[in-house]
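A short worksheet on the structure shown next.
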Amino acid sequence: MGLLMPRHSTLIPVSALKAELSDVFIADCSHDLAAPAAGENAYAESHIPGALHFHLDRDLSGRSDGRRGRHPLPTREALTATLAARGLRDGQQVVAYDSSQGVYAARLWWLLRWLGHANAAVLDGGLQAWTAAGGATEAGAAAPRPAGDFRAREPLVAFVEVDAVLANVRTGAHLVIDARSAQRYAGIGETLDPVAGHIPGAVCRFFRDNLTDDGCFKPASELRDAWRARLDGRDPATVIHQCGSGVSACHNLLAMQHAGLSGSVLYPGSWSEWCSDPGRPVATGPESAT
């Protein structure tokens, strides 16, 4: 199959997925950082018909060596092989979802764009929105399907390594945006990483601020205004996004892309990589104190 023009490249509403269900590659990205088996267990109990489960640790991350962060990027070759083996066709529309406000689904969305696949979207509101709208679910394992012909293309997104972020502490040429909560950013209540705090010079934009109370993304115009205020005149292309391990930062990248503010990059290692080296500087306290 030849490459198709993008149909849904950021978010897709439940109504649109219902209309296109038969021709979409659906990825259930449900996960729980505190209980790594919880996502696949929840998938086995209930998922959107035809969806395949993708595990954050096994499928959407490379092997962690303790230095590159908790969820380092997989290789492009490994991820491409995984997607093709699971049946993804070249140019096929992908819809990723989870039950965690899109934070894990956004990771797959970013990874697909890294592989040059533009037809990738996150289900707005996730599984909760699907079931609230009367969407059907099924249980058990997915039926076997033939391998697809998916192949990687030129990346549509970029990332930076830790050395570039360290250099930026000195130069301030890029705005580093931390997607973790204000508490974790400040160094309060850290439970996932051995050191609390944030990268010096980084500012905080909690990923949940992209959402309405019902767990759906805010309208694009509202996101655009909020993100422009956060950027304070900076070009989106000068922004580096990070979080704890390169996962929730993708939620902020998705929000910006949906708002028409493209060009920002990801720091995949994020705080979990940064704090693994005691030689790297650490800041604590609220943003006004950095």
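The values are calculated or read from the model by the stated rules, or taken from the named source; none is laboratory data. Computed from a predicted model, the values in this text were never measured in an experiment. Methodologically, a virtual Cβ is constructed for each residue, glycine included, from the backbone with ideal geometry; neighbour enumeration extends over all protein chains shown.
Here are the numbers for this structure:
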| read-out | value |
| --- | --- |
| In segment 53-98, the residues that are farther than 20 Å from Cys250 by Cα and assigned to a loop (DSSP other than H, G, I, E, B) | Asp65, Gly66, Arg67, Arg86, Gly87, Leu88, Arg89, Asp90, Gly91, Gln92 |
| All positions within segment 87-118 that are touching a Phe, Trp or Tyr at 6+ places or on another chain (Cβ under 9 Å) and farther than 20 Å from Gly39 by Cα | Gly87, Leu88, Arg89, Asp90, Gly91, Gln92, Gln93, Trp114, Leu115, His117 |
| Members of segment 130-140 found to be of a type in the set (Gly, Ala, Ser) and part of a loop (DSSP other than H, G, I, E, B), listed by number | Ala133, Gly134, Gly135, Ala136, Ala139, Gly140 |
| Residue check for Asp178: touching a Ser or Thr at 6+ places or on another chain (Cβ under 7 Å) and in contact (Cβ under 8 Å) with a residue 60 or more places away in the chain | no |
| Conditions (1) surrounded by fewer than 18 Cβ atoms within 10 Å (Cβ to Cβ); (2) closer than 21 Å to Ser245 by Cβ; (3) over 14 Å from the mean Cα position of the chain (by Cα): number failed by Asp57 | (3) |
| Residue identified as over 11 Å from the mean Cα position of the chain (by Cα), outside any loop (DSSP other than H, G, I, E, B) and on the phi < 0 side of the Ramachandran plot among Leu127, Leu112, Leu108 | Leu127 |
| Gly102 being buried (at least 23 other Cβ atoms within 10 Å of the Cβ), modelled with pLDDT under 95 and not assigned by TED's automatic domain parsing to the domain that holds Leu192 | no |
| Close pairs from segment 239-256: first without any contact (Cβ under 8 Å) to a residue 60 or more places away in the chain, partner crowded, with 24+ Cβ neighbours inside 10 Å and not in a loop (DSSP other than H, G, I, E, B), Cβ under 7 Å, at least 6 apart | Ala255/Asn210 |
| Where Ala143 falls short, out of the listed (1) part of a loop (DSSP other than H, G, I, E, B); (2) out of contact with any Gly (no Cβ under 9 Å at 6 or more places or on another chain) | (2) |
| Residue match in segment 141-155 (condition: of a type in the set (Lys, Arg), under 25 Å from Leu254 (Cα atoms) and either outside the structural domain of Gly269 (by TED's automatic domain parsing) or in contact with a Phe, Trp or Tyr (Cβ under 7 Å, 6 or more places away or on another chain) (or both)) | yes |
| Members of segment 155-183 that are charged (D, E, K, R), under 29 Å from Thr80 (Cβ atoms) and part of a helix (DSSP H, G or I) | Asp163 |
| Subset of segment 182-221 that is basic (Lys, Arg) and free of Cβ contacts under 8 Å to residues at least 60 places away in the same chain - its residue that is surrounded by the fewest Cβ atoms within 10 Å (Cβ to Cβ) | Lys218 |
